[in-house]
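Structure first, then comments.
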Amino acid sequence: MARRMNVPNAIQVECPDCGEETLHEVLKGRLGKDGNTLEGTLRCQECGRVHTAVVRETKTVMVPVIISDQGESRKTEIEIPEDEEICVEDELLLDDLPIIVSSLEKGNGRVSKAVAKDITTIWAKRFDQVHVKISINDVHKTIPAEIVVLPEEEFFIGDLMTVGRYNVVITQIKATDGMARRGSVLARDIVRIYARKARTTYS
């Protein structure tokens, strides 16, 4: 049996005077035939404006989520409005954990976007930290390294940085949309940083 909306005492709705969603007191209201719409006379708690509005309750669905974190996967669920379109690379908030959608399952196949009610499983990865791979050129050999940083951290070509026990200079950055040889790239978009060992001079 479908869950029916009850007439609430207060509701968040857009106020014509404030121009944004504010808390409104429901002075009088009645439910529509489908039980999910409210026709009411409302008073804005911010400016006192009384107006009538028809408010439709957004139905939500629980969608299974498989989160990949450091090579381990765990299964959980996320509540999303049923008509919201979700795309690969979308950022979602699961409780307080930022995640990024890496793949979507609809029926038995993988899709790049779908509305929430049609999604069988969301595959995602943790997004509060990213692992950036670095190749350090040391004359005749390449030293692999990895650092853990925030997704929004910016890396500039030509910057000096310390990786483990090495001081290195960033020479180029392979990003998701190609190779960058100047400017900067956000950690979230980096595939690999190429760097060379910096000469240490003592004065």
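The values are calculated or read from the model by the stated rules, or taken from the named source; none is laboratory data. What you see is a predicted model; the values in this text were computed from it and never measured. So basically every Cβ, Gly included, is an ideal-geometry build from the backbone, and we count neighbours across all protein chains shown. These accessible areas exclude ligands, DNA and RNA; they are computed on the full protein's heavy atoms, side chains included. Shrake-Rupley method; radii C 1.70, N 1.55, O 1.52, S 1.80 Å.
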Checklist outcome for this item: Turns out the strands (runs of 3 or more DSSP E) fully within segment 126-193 with at least 1 residues that are on the phi > 0 side of the Ramachandran plot are 178-180
Next on the checklist: If I ask for residues that are in a strand (DSSP E or B), of a type in the set (S, T, N, Q) and surrounded by fewer than 14 Cβ atoms within 10 Å (Cβ to Cβ), which ones from segment 37-75 would you list?
Outcome noted: 52, 73
Item to check | Qualifying position, being surrounded by 17 or more Cβ atoms within 10 Å (Cβ to Cβ), modelled with pLDDT under 95 and of a type in the set (A, V, I, L, M, F, W, C), among 143, 147 | outcome: 147
Checklist entry - How about segment 77-86: which of its residues are surrounded by 14 or more Cβ atoms within 10 Å (Cβ to Cβ) and within 15 Å of residue 105 (Cα to Cα)? => result 78, 86
Checklist entry - Is it the case that residue 103 is at pLDDT below 95 and either over 23 Å from the mean Cα position of the chain (by Cα) or open to solvent by 70 Å² or more (accessible area, probe 1.4 Å) (or both)? => result no
Next on the checklist: Here's a check for you: in segment 151-170, which residue that is surrounded by fewer than 13 Cβ atoms within 10 Å (Cβ to Cβ) and modelled with pLDDT under 90 is nearest to residue 189 (Cα to Cα)?
Outcome noted: 152
Next on the checklist: Can you pull out every residue in segment 106-140 that is open to solvent by 70 Å² or more (accessible area, probe 1.4 Å), more than 19 Å from the chain's Cα centre (by Cα) and closer than 30 Å to residue 162 by Cβ?
Outcome noted: 133, 137, 139, 140
